[in-house]
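So the structure is just underneath, and the comments pick up after that.
Coordinate-derived values only; no laboratory data. Nothing here was measured: the structure is a model prediction, and the numbers come from that model. Heads up, the Cβs are rebuilt from the backbone with ideal geometry, glycines too, and the neighbour counts pull from every protein chain shown.
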């Protein structure tokens with residue numbers, strides 16, 4: 001395990017993005033690991049291209065829907081404003097283009113992004 005900023009531990013192959021509280025592994029609230037902390041993503045710029053990359057990375061097939069307004073319940077911890085640029089064809093979240101994620105203070109957990117993947121690997 002490699003310590004990341006002293007708060008989170010990553011093993012080789014671990015993902016920097018996850019879906020939680022969706023009732024299954026391929027649906028849920030989007031959470032990303034940034035600066036050593038898991039946090040939610042504000043739904044303001046969350047779209048199907050970004051969802052496609054997350055589904056692919058997690059082995060969850062194709063993106064089916066993106067949901068805002070904390071559809072899967074509000075998260076806790078930091079809220080990250082997603083500013084990565086994804087075309088939808090990237091293999092992993094980390095390979096989407098800059099600019100990176102930054103803190104967004106105007107957002108609250110009532111605006112946490114969620115998504116649903118088909119659950120069928122490619």
Legend entry - Gain upon complete extension [residue 76, residue 15; 0.36 nm per residue less C-alpha separation]: 20.0 nm
Inset, instruction - Grab the beta carbon distance between residue 45 and residue 109, set R0 = 22 Å, and tell me the FRET efficiency rounded to 0.05. - result: 0.85
